[in-house]
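For reference, the structure is listed below as structure tokens.
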Amino acid sequence: RTAAATPLPVLGDDVLVPVADGTEVTYAALDQAASAPVLRRVWDDVAAYLPYYGSVHRGSGHLSQLSTDLYERSRATVAAFLGCRADDQVVFTRGTTDSLNLLAAVVPDGTRVFVFESEHHAALLPWRRCETTVLDTPRSPQQAVSVLEAALHGGPDGPKLVCVTGASNVTGEIWPVRELARVAHRHGARVVLDAAQLAPHHPVDVAGLDVDWVAFSGHKLYAPFGAGVLAGRSDWLDAAEPYLAGGGASRRVAREPDGGLDVAWHTGTARHEAGSPNVVGAHAVASACRALAEAGLELLVRRERALLEVLLDGLAQVPEVRVLSLFDRGEDGVGGGGEGGRAAGRVGVVSFVVDGWDGTEFADALSAEYGIGVRSGLFCAHPLLRNLLGRGHDEGGDCGAPSAGALNAVRVSFGAGTPDEHVERFVRAVRSLAA
Ligand code: PMP
């Protein structure tokens, strides 16, 4: 039952919160799919840099140069963490939503986009400029691949983009990314991977998975809010108008005799990073990438999987609880499966419904009585939740029909800093609340 490695130290792991019996307990942060606690190592790195704070790409002073150097080195660290190809660009953004909107803004005219309805809204909604095909929610990784294949087969020529998730923010299930990319490329489509939920839990290998772009958020990867990444192929990025127009993106600006403006834009990362860059955010993201790589992602994955087994085994013993799943147990496409057990093919994100409870009331009780923070609701994935809550799923595994009238699900999620005790407390709490 005990995990293979110790949790990484995070900020907030010593915060005490009051609970209903009048005592205080350490806060159990089990809503890490929304935002993860910051690694103490990231905090230290950020604090060490702040005295040397200076403008990036804009000054000749020593601290400006130091900041510029740090910012550019942060890109290189992120590129290495993601396994990028030598000619990929790492663009710093505000987060996954921003990254995917950036990509949506630069796709060539006439691009057709293919996206599963089960995606997070950040991946489902940015493609309004494009003709978009929304694909059915698949019930197995193989079905995901065949649904995509059928949608791409025999379509007209022209630019195409497939947007896929690495791991569902609702079920935590890992998607068959490599297979989806293979099918997409066979049909001349590019692929962007939404790794917001995958990257904090699992190695992401852009070159190995053969995806064209990847997006993730720093605040889910144990860095503070405010920075994220879009990394990948430069051709569409360099050919498009800048995502934001302003200083930094423009190489030369001149007033034309007729009163208009003649603007030449940079190519490369500067093109889409107008405005003063978020050097602290980039540094924090890079620090988190370094910390995870040094701790050993494989070890962290093994530890998380052991905790996930405890969690899923615990939930399976509570008859009132139904875990929401899309896929048959133990399947995925990025090498996470194959070890058997309930946790195979999943990251530490689990949603469930409880007979006789609305999800929000249940989440409130976990907080008030046990000091446990989880999330309830529809998790910015309305089509998927409607699907999961609205019909029974009787293919076995962990997913039964939710209780009649369930409006909201509960989501519990953890990460590299979660102590075993938090997961054990959660299981005990669910057992006693649900009974
Ligand atoms: N994609 C997925 C799968 C997510 O879980 C989230 C955040 N919940 C996002 C995209 C959006 O990330 P952000 O809010 O950091 O932009």
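Some points to look at:
- Selection from segment 264-278 of residues that are part of a helix (DSSP H, G or I) and crowded, with 24+ Cβ neighbours inside 10 Å: 271, 272
- Yes/no for residue 226 being in the same structural domain as residue 280 (by TED's automatic domain parsing), closer than 22 Å to residue 43 by Cβ and surrounded by fewer than 24 Cβ atoms within 10 Å (Cβ to Cβ): yes
- Residue check for residue 351: surrounded by fewer than 23 Cβ atoms within 10 Å (Cβ to Cβ) and either modelled with pLDDT of 95 or more or small (Gly, Ala, Ser) (or both): no
- Scanning segment 29-42 for residues that are more than 12 Å from residue 418 (Cα to Cα), buried (at least 19 other Cβ atoms within 10 Å of the Cβ) and more than 15 Å from the ligand (Cβ to nearest atom) returns 41, 42.
- Tally, over segment 69-106, of residues that are in a helix (DSSP H, G or I) and within 25 Å of residue 241 (Cβ to Cβ): 16
- Taken over segment 200-219, the residue count meeting the criterion of being within 16 Å of residue 119 (Cβ to Cβ) and either within 11 Å of the ligand (Cβ to nearest atom) or of a type in the set (D, E, K, R) (or both) is 3.
- Within segment 7-28, not a single residue is surrounded by 16 or more Cβ atoms within 10 Å (Cβ to Cβ), assigned to a helix (DSSP H, G or I) and among the hydroxyl-bearing types (Ser, Thr, Tyr).
- When 191, 177 are checked against the criterion of being farther than 14 Å from residue 33 by Cβ, surrounded by 24 or more Cβ atoms within 10 Å (Cβ to Cβ) and free of Cβ contacts under 8 Å to residues at least 40 places away in the same chain, 191 stands alone in meeting it.
- Of the residues making up segment 107-124, just one is surrounded by fewer than 21 Cβ atoms within 10 Å (Cβ to Cβ) and either within 9 Å of the ligand (Cβ to nearest atom) or part of a helix (DSSP H, G or I) (or both), namely 121.
- Test result for residue 282, in the same structural domain as residue 91 (by TED's automatic domain parsing), within 19 Å of residue 126 (Cβ to Cβ), within 16 Å of the ligand (Cβ to nearest atom) and buried (at least 24 other Cβ atoms within 10 Å of the Cβ): no
- Filtered residues of segment 129-160 (kept if of a type in the set (Lys, Arg) and under 20 Å from residue 111 (Cβ atoms)): 129, 160
- Verdict on residue 90 being away from the ligand (no atom under 16 Å from the Cβ), under 20 Å from the mean Cα position of the chain (by Cα), under 15 Å from residue 285 (Cβ atoms) and touching a residue at least 12 places away in the same chain (Cβ under 8 Å): yes
- Strands (runs of 3 or more DSSP E) (entirely within segment 134-248) containing at least 1 residues that are closer than 30 Å to residue 68 by Cα: 190-194, 213-217, 228-232
The values are calculated or read from the model by the stated rules, or taken from the named source; none is laboratory data. It should be emphasised that the depicted structure is a prediction, and the values quoted were computed from it without experimental measurement. For neighbour counting, all protein chains shown are included, and Cβ atoms are generated from backbone atoms with ideal geometry for every residue, glycine included.
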